[in-house]
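The values are calculated or read from the model by the stated rules, or taken from the named source; none is laboratory data. Keep in mind the model is a prediction, meaning the values are calculated, not measured. Please note: Cβ atoms are built from the backbone with ideal geometry, for glycine as well, and neighbour counts cover all protein chains shown.
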Amino acid sequence: MRHWWRIHSKGKAVPPEPETIVDGIFLPQPAEILLDVKHRKRLLERIWQYTALTPSQFDRLYLDPIRRYASYVQLLPASETHHHAYPGGMLDHGLELMACSLKLRQSHLLPSGSAPEDQAAQTDAWSAAIAYGALLHDIGKIAVDIHVEYDDGEVWHPWQGPLDQPYRFRYNAGRNYHLHGAATGLLYTQILMPPLLDWLSGYPELWGRLLFLLANHYDLAGKLGELVQQADRISTAQNIGANPLKALQAPAHSLQHHLLMGLRHLVKNDLKLNQPGAAGWLTEEHLWLVSKTVTDKLRIYLLAQAVDGVPSSNLAMFDELQSHGLVEATPEGKAIWSAKVSSAGWQQRFTFLRLQPSLIWADQNRPQFFTGTVELAASDDGQPSELNEFRHNDQSAHTEPKPEQKTSVQPLGQHYAHLDDLMDMVDEKIEIEDKPAPHRLPPSCDSPSDGPGQPFVQWLREGIRNHSLLINDSKAKIHTVNGTFFLVTPGIFQHYVADHLKAADTHQKPDAWRKHQRHFERLGLHEKRPDGQNIWTCKVQGPRRTGSLNGYMLKNARAVLGEPTPDNPFLTLIQ
């Protein structure tokens, strides 16, 4: 039997969306009605395609949790002012994460390192666990971030059951932005029924990863946490208009991460805004930061934090910020904008970096908008570089609306026109990961292609390619020195063992990494020192500390692991 959400209105008029808002009050809807919207039905279709289940299996494993999720989140937003910040945004975000994570999951064999027959037997369980973790990613917000009350003033708490009366909502002021991750534990047993939990608990490794994921311990959730975080970056970046691919590929402690954290620190704690002598002006659409002042301060801040790879010149810093999608490019593709600031009888022209305010404040409250104007100045040829002005003379127009005023929204479907772009971008991500690593080691090389050290080399290739292994980071076990890769020992081998052995085995064999180090040496891929020794030493000279690292230097980095990144400026090889 065909599902209701698969029935298309071909040749018929599409029924209007149900009335969900009356006089500032939201009307609770059955899950079937909430999901019976064009863009959500398309997402359900995608999710079914990615699971390849029979209709009855899909109903039991996916549609039932999705319906329960919809009945709880109703038309609540996913955030106040950041991503999916509109009524119905949380339902859209949950379904979007579910679809993205399942699509990403298709390029992984799980559990990693298990026999093919075991992976095949556990396919449905691992897919479902990833999907559940994605769907429930933000559900804790309805318990601790959002104040929901019925029309009669009675406060609703989600542990009481789904919303069943007309309601209004607002975000809590002064909320703890990290608490909603921990609050997931209050609710997931109301979405995932006992038969599903019984089923998943029968796979000990999977069960542990899922519990860590639902407890917001992504670092302990393994591949489940990694895929859900990647899907969240895709969904969030697509919704706020950032560069999804760059956001997806950024490791937690990459230079991009440090640049963003530095900008947030400066804007919130150091820079003056919206006044003569300030270094930045906040309008409703953009944050304008004086380029030289901010770049100089950002470099000082990053060096004080002992961040590796900080660009030494402003031009290089501009390139880094632009390449990571942190600043917007001009119509000519450059990072620097020229604009004139005017207010109360004074005006001045500056060169700016232009940012999306959501990158700095996310879903936190923002300062008041600038009451003057920030107007793009003419380019060198005398023509305006963009036919747009940013005027904010009416301060009252930007005050925070009351809860009942937030209900004046566009039709739900208008917020989700980017589905094809989003899923195409997931396809692009997978295509990039599935491509063979450039310059793979040919079989004719001196080292045996089927030697016991090859799984370690393949793990390095995949980790570098999908950015799960950091390079030139303060905590990285891979650096670039003298134009080649430097593998820190024993750290890189211990990392490999931790990824491939069960926890019990690791405790029983604390020196298991030594075997893999010996296997690697026998491949003959590393450069030996003039005295015939295998291990090289690098001096580490940072802004706040000095030290040394021991490791292997690869003979031909390009042939083994691909093109090296620029040398780490804080490491010097001791000859």
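A few notes on this one:
- Of all residues making up the range 304-340, the number that are among the hydrophobic types (A, V, I, L, M, F, W, C), loosely packed, with under 15 Cβ neighbours inside 10 Å and touching a residue at least 12 places away in the same chain (Cβ under 8 Å): 2
- A single entry from ALA121, ALA134, ALA125 fulfils the requirement of being at pLDDT 95 or above and farther than 23 Å from ALA85 by Cα: ALA125.
- Boolean, LEU91 is in contact (Cβ under 8 Å) with a residue 40 or more places away in the chain and under 20 Å from the mean Cα position of the chain (by Cα): yes
- Within the range 474-499, tally of residues that are at negative phi, in contact with a helix residue (DSSP H, G or I) (Cβ under 8 Å, 6 or more places away or on another chain) and either assigned to a loop (DSSP other than H, G, I, E, B) or modelled with pLDDT under 90 (or both): 8
- Test: GLU328 is in a loop (DSSP other than H, G, I, E, B), charged (D, E, K, R) and out of contact with any strand residue (DSSP E or B) (no Cβ under 8 Å at 6 or more places or on another chain): no
- Residue within the range 374-393 that is modelled with pLDDT of 75 or more, not in a loop (DSSP other than H, G, I, E, B) and not charged (D, E, K, R) present: yes
- Residues within the range 341-369 that are in a loop (DSSP other than H, G, I, E, B) and free of Cβ contacts under 8 Å to residues at least 24 places away in the same chain, tallied: 1
- Annotation: of all residues in the range 540-567 being over 14 Å from LEU487 (Cα atoms) and among the basic types (Lys, Arg), the one that is modelled with the lowest pLDDT is ARG544.
- Residue list for the range 79-103, restricted to those being hydrophobic (A, V, I, L, M, F, W, C) and at pLDDT 90 or above: MET90, LEU91, LEU95, LEU97, MET98, ALA99, CYS100, LEU102
- Meets criteria (at pLDDT below 95, among the polar types (S, T, N, Q) and closer than 29 Å to VAL497 by Cα) for ASN239: no
- For GLY113: the one exception among (1) under 30 Å from PHE456 (Cβ atoms); (2) assigned to a loop (DSSP other than H, G, I, E, B); (3) without any contact (Cβ under 8 Å) to a residue 60 or more places away in the chain: (3)
- In a residue-by-residue description of the range 544-561, the property of being more than 22 Å from GLN517 (Cβ to Cβ), under 32 Å from the mean Cα position of the chain (by Cα) and not charged (D, E, K, R) applies to no position.
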